[in-house]
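Worksheet: the structure to be examined is printed underneath.
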Amino acid sequence: MSTQPPPLLNRCLQQTLRRGRVHRSAPAGCTAIPLWLFDPAVLEGPLDHDEAQAVVAEPAYWSFCWASGQVLARYLLAHPELVRGRRVIDFGSGSGIVAIAAALAGAREVVACDLDEDALMAVEANAALNGVRVSLCPDWRRREGVFDVVTAADVLYDPENRPLLGDFRATAPRVLLADSRVRNLGDDAYHLQTVEEARTWPDLNEFEEFNRVRIYQAEED
């Protein structure tokens, strides 16, 4: 297990933030899974105008571990029977924490799906850091094979993403969804399982309401 940050991930960050780098860190909401995440120590002093514009234009979402991902990963580790022996696809994987948790919980295969090529590189590096293998998928519409479980965390921030709720249920008989921003999913097939607290890691000092994560499950009878 390497203790040195993957140079490729640092180069990805430095495309938008020239001082950017990752370091190994265990998110407070799921300390069992270390990840290569943004190192806030590089932000001594303000960003210049060009850096700020670049960060806003192309944010490296994968370099942060969002609250919902931490809570769903922790939930899977506590309830491994939900994924054990099953083929899982994780939508909008980002750092990969949920996909990695599914693999650690005994899933037969885990596919991490994200449109961001840099995120998929991060998933691969973070999976290696945790000693598990995760397959990669760059396009949800081109996923291959049959899945038993869909996982997704913090993917409903845009109202235009709501149709995904139906897509997820059409893809697998079990869907596990974590969200901190939408109070009412508007889909009766999804049942609230628990509400837990977590903070984005490294901490972005978001509104407290975004630290309350709801986990929903939809399952065929």
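The values are calculated or read from the model by the stated rules, or taken from the named source; none is laboratory data. Treat the numbers as computed from the prediction; the structure is a model and nothing was measured. Note that each Cβ is placed from the backbone with ideal geometry, even for glycine, and that neighbours are counted across all protein chains shown. Accessible surface is based on the protein model in full, side chains and every heavy atom, while ligands, DNA and RNA are left aside. Shrake-Rupley method; radii C 1.70, N 1.55, O 1.52, S 1.80 Å.
Of all the numbered requirements in (1) open to solvent by 20 Å² or more (accessible area, probe 1.4 Å); (2) part of a helix (DSSP H, G or I), residue 133 misses one, and that requirement is (2). Checking each residue in the stretch 133-149 for being more than 16 Å from the chain's Cα centre (by Cα) and hydrophobic (A, V, I, L, M, F, W, C) picks out 146, 147. For the stretch 180-192, a residue qualifies if it is in a loop (DSSP other than H, G, I, E, B) and open to solvent by 80 Å² or more (accessible area, probe 1.4 Å), and the qualifying residues are 181, 183, 184, 188. Only one entry in 149, 195 is open to solvent by less than 20 Å² (accessible area, probe 1.4 Å) and either of a type outside the set (A, V, I, L, M, F, W, C) or farther than 22 Å from residue 9 by Cβ (or both), namely 149.
Contact map, the stretch 136-152: residues that are under 20 Å from residue 220 (Cβ atoms) paired with residues that are aromatic (Phe, Trp, Tyr) and part of a strand (DSSP E or B), Cβ distance under 6 Å, separation 6+ or inter-chain. Pairs shown: 152/91. On the stretch given as the stretch 66-93, residues that are of a type in the set (Asp, Glu) and either crowded, with 18+ Cβ neighbours inside 10 Å or in contact with a Cys (Cβ under 6 Å, 6 or more places away or on another chain) (or both) total 1. Kindly establish whether residue 209 is under 20 Å from residue 31 (Cβ atoms) and modelled with pLDDT under 95. Taking the combined requirement at face value, the residue does not satisfy it.
Residues that are at pLDDT below 80, at negative phi, open to solvent by 60 Å² or more (accessible area, probe 1.4 Å) and in a loop (DSSP other than H, G, I, E, B): does the stretch 27-45 have at least one? Yes.
Touching a Ser or Thr at 6+ places or on another chain (Cβ under 9 Å), part of a strand (DSSP E or B) and of a type in the set (Gly, Ala, Ser): is that true of residue 119 in this structure? Taking the combined requirement at face value, the residue does not satisfy it.
Within the stretch 154-179, being out of contact with any Phe, Trp or Tyr (no Cβ under 7 Å at 6 or more places or on another chain) and either at positive phi or part of a strand (DSSP E or B) (or both) holds for 174, 176, 178, 179. From the list 24, 84, the lone residue that is modelled with pLDDT of 95 or more, farther than 30 Å from residue 220 by Cα and among the basic types (Lys, Arg) is 24. Residue-level check: of (1) more than 12 Å from the chain's Cα centre (by Cα); (2) part of a helix (DSSP H, G or I); (3) crowded, with 23+ Cβ neighbours inside 10 Å; (4) not small (Gly, Ala, Ser), residue 110 misses just (2). Report, by residue number, each residue of the stretch 70-92 that is part of a loop (DSSP other than H, G, I, E, B) and over 12 Å from the mean Cα position of the chain (by Cα). Selection gives 79, 83, 84, 85, 86. In this entry, residue 116 is excluded by the filter for residues that are open to solvent by 10 Å² or more (accessible area, probe 1.4 Å), touching a strand residue (DSSP E or B) at 6+ places or on another chain (Cβ under 6 Å) and among the acidic types (Asp, Glu). Residue check: residue 145 meets all listed conditions (1) modelled with pLDDT of 95 or more; (2) out of contact with any helix residue (DSSP H, G or I) (no Cβ under 7 Å at 6 or more places or on another chain); (3) in a helix (DSSP H, G or I) but one, namely (3).
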